[in-house]
Structures are given as structure tokens and as C-alpha cells.
Amino acid sequence: KEKVEINREQRALMKAIVDAYNRHQIPQDVAKKLLQDQYSPEENFLLLTEMATSQVQVLVEFTKNIPGFLSLDREDQIALLKGSAVEAMFLRSAQVFSRKMPTGHTDVLEERVRKSGIPDEFMTPMFNFYKSIGELHMVQEEQAILTAITILTPDRPYVKDPQAVERLQETMLDVLRKLCVLQHPQEQQYFARLLGRLTELRTLSHYHSEMLASWRMNDHKFTPLLCEIWDVQ
Ligand SMILES: O=C1N(Cc2ccc(-c3nnn[nH]3)cc2)c2ccc(Br)cc2C12CCN(S(=O)(=O)c1cccs1)CC2
């Protein structure tokens with residue numbers, strides 16, 4: 001069995017990513033609002049929109065702190081952010097959601113999401129995803145690096161230099177692979193299972209664009225930032 005060890009450079013890379021991941025969080029007042037009293041579906045939707053807007057802001061800050069990201073071509077930086085925004089938001093939402101929240105909080109939040117005008121045929125895969133993320137019991141390093149890997153996906157639309165993105169992503173994948181072996185020595189295929197979640201994320205992202213189309217129909221309002229990053233209106 002090869003001796004797996006994370007070298008000094010990889011440890012520094014991991015620390016930078018985890019610090020960025022933890023430093024940028026949704027302001028708790030936004031998430032707390034969801035826990036307050038009963039709202040109508042429209043009010044719930046507005047709260048989720050407010051939270052999604054805040055999540056995008058957090059995502060942009062996190063991304064800027066991924067080592068190497070800012071040395072990519074400027075237009076490719078935008079293409080990566082736009083191409084991964086939904087997936088990164090769902091991944092982070094699932095990670096936050098599956099974290100130990102004070103008793104009852106998750107159920108209340110789950111209830112709010114269920115009563116927010118999201119059609120059931122999208123709600124099911126969404127909740128299956130967050131349950132499947134929860135079952136993985138990822139440590140925070142794995143969560144942060146997996147999010148960085150999602151953002152550094154070379155085959156997003158309009159990326160001009162995918163090789164440059166691939167080089168960065170490969171560095172992350174190597175660290176994540178070692179981390180999985182060290183953190184989950186019993187589970188041979190843990191790393192493969194993590195990457196399998198990224199495939200599930202792409203499916204969710206397709207559902208999301210269909211939802212957007214239906215929401216636009218019954219004129220749900222989004223914030224300028226979400227319109228910009230989700231290409232709506
Ligand atoms: O809102 C969600 N939630 C609840 C949620 C998310 C994050 C935090 C949080 N707290 N602190 N940091 N993050 C709390 C509750 C959640 C949970 C699991 C999955 Br999978 C996904 C979601 C969405 C993501 C956004 N969509 S959305 O379709 O893009 C949409 C936008 C506008 C209106 S609907 C809805 C589902």
C-alpha cells in the first residue's frame with residue numbers, strides 16, 4: 001500500500017481554501033429570518049432569493065481566494081463563476097443543511113423550502129442530494145476543496161483556456177484524493193463517491209434552469225445579482 005502523505009505545499013493550499021471557505025459565510029441574520037414565524041409561499045420565496053443572493057456574494061469572495069484563480073484570464077474567471085454558481089450554491093446549501101443545526105432548525109428550514117413555490121418534481125431531487133451529502137460526513141477540508149473543484153471545472157461554457165483551469169483543478173483533485181484516503185481509510189471508494197456528487201450537482205443545475213423558466217412565467221422577482229449570474233430576464 002503506497003504511503004499517502006500531504007506535502008507542505010498541499011497543506012498550505014488546503015489551509016488557504018479552508019480559511020476562505022470558513023471566512024465567507026452567509027450573515028446569520030439572513031438564515032435566521034427563515035427560522036422566524038410562519039410565512040406565505042411568496043414570502044418564503046423572497047427569503048430564499050435573499051439568501052441565494054447572499055450565497056452568490058459569499059461564493060465570489062471564496063472563489064477569489066482559491067490560489068491561482070485570480071491569475072486565470074479575467075473573462076475565464078467570470079465564465080467559471082457563472083458556470084458553477086448554481087452547483088456551488090447547492091453544494092454549500094446541502095453542506096450547511098446537513099451540518100448539525102440546533103434541534104428542529106433543519107425541519108423548520110426544510111418546511112420553509114418546501115413551502116416556497118418550488119415545484120415538487122424539483123424538490124425531491126434537491127432533498128435527495130442534500131441527504132446524500134449529509135451521509136458522506138465530509139470534514140470541512142473536504143467540503144471546501146470539493147467546492148473549489150466544482151468551481152474549477154474546465155468544461156464550462158465560454159472558457160477560452162480550459163487547460164489552465166484543468167491544471168488548477170488537478171492540483172485540488174490530488175489533495176482531495178489524499179485527504180479522502182487519510183480521513184476515511186476504511187472506505188476505499190470514498191473519493192469516487194465524492195466526485196459522484198458532482199455529477200448529481202449537474203443534474204440539479206439543469207432542474208434549476210427549468211425552475212427559473214417556470215418562475216419567470218409566474219413573474220417571480222429575482223435580485224439584479226441573481227439575474228446577472230443566472231442569466232435570467
Ligand atoms: O434555499 C435553499 N436551501 C435552504 C438553505 C440554503 C442555505 C442555507 C444557509 N444558511 N447558512 N448558509 N447557507 C440555509 C437554508 C437549500 C438547502 C439545500 C439544498 Br440541496 C438547496 C437549497 C436551496 C438553494 C437555493 N434554491 S433556489 O432554487 O436556487 C432558489 C433561490 C431563490 C428562490 S428558490 C432553493 C433551495
Positions within segment 77-110 being among the hydroxyl-bearing types (Ser, Thr, Tyr) and within 16 Å of Asn128 (Cβ to Cβ), in sequence order: Ser93, Ser98, Thr106
Yes/no for Asp155 being without any contact (Cβ under 8 Å) to a residue 40 or more places away in the chain, within 30 Å of Ser71 (Cα to Cα) and among the charged types (D, E, K, R): yes
Residue that is of a type in the set (D, E, K, R), within 13 Å of the ligand (Cβ to nearest atom) and over 12 Å from the mean Cα position of the chain (by Cα), where the choices are Arg99, Arg92: Arg99
Residue pairs meeting the criteria (Cβ under 9 Å; at least 6 apart or on separate chains; first charged (D, E, K, R), in segment 44-68; second in a helix (DSSP H, G or I) and within 12 Å of the ligand (Cβ to nearest atom)): Glu50/Val30; Glu50/Lys33
Enumeration of residues in segment 198-213 that are surrounded by 14 or more Cβ atoms within 10 Å (Cβ to Cβ) and within 11 Å of the ligand (Cβ to nearest atom): Glu200, Leu201, Leu204, Ser205, Tyr207, His208, Met211, Leu212
Conditions (1) surrounded by fewer than 19 Cβ atoms within 10 Å (Cβ to Cβ); (2) closer than 14 Å to Gly83 by Cβ; number of the one not met by Phe122: (2)
Conditions (1) under 16 Å from the mean Cα position of the chain (by Cα); (2) open to solvent by 60 Å² or more (accessible area, probe 1.4 Å); number of the one not met by Ser84: (2)
Residue count for segment 1-31, restricted to those that are modelled with pLDDT under 80 and either of a type in the set (Ser, Thr, Tyr) or surrounded by 11 or more Cβ atoms within 10 Å (Cβ to Cβ) (or both): 6
Pairs where the first residue, in segment 112-140, is more than 20 Å from Ala52 (Cβ to Cβ) and the second is modelled with pLDDT under 90 and within 10 Å of the ligand (Cβ to nearest atom), C-beta under 6 Å, 6+ apart: Gly134/Ser98
Residues satisfying the stated conditions in segment 38-61, i.e. farther than 18 Å from Trp230 by Cα, touching a helix residue (DSSP H, G or I) at 6+ places or on another chain (Cβ under 8 Å) and in a helix (DSSP H, G or I): Asn44
Subset of segment 102-136 (residues that are outside any helix (DSSP H, G or I) and within 9 Å of the ligand (Cβ to nearest atom)): Ser116, Gly117, Ile118
Cross-chain or 6+ apart pairs with Cβ under 7 Å, segment 204-226 first and of a type in the set (D, E, K, R), then within 12 Å of the ligand (Cβ to nearest atom): Arg216/Val232
Options Val60, Val30: the member that is under 30 Å from Val108 (Cα atoms) and either under 15 Å from the mean Cα position of the chain (by Cα) or of a type in the set (Gly, Ala, Ser) (or both): Val60
Filter result for the condition that a residue is assigned to a helix (DSSP H, G or I), touching a Gly at 6+ places or on another chain (Cβ under 7 Å) and more than 24 Å from Thr49 (Cβ to Cβ), over Leu194, Leu173, Leu168: Leu168
Any hit, segment 37-57, residues being more than 16 Å from the ligand (Cβ to nearest atom) and either modelled with pLDDT of 95 or more or open to solvent by 20 Å² or more (accessible area, probe 1.4 Å) (or both): yes
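The values are calculated or read from the model by the stated rules, or taken from the named source; none is laboratory data. Please read all numbers here as calculations on a predicted model, not as lab measurements. Cβ sites come from the backbone with ideal geometry, for glycine too, and all protein chains shown count toward neighbours. To get the accessible areas, we keep the full protein, side chains included, count just its heavy atoms, and leave off ligands, DNA and RNA. Shrake-Rupley method; radii C 1.70, N 1.55, O 1.52, S 1.80 Å.
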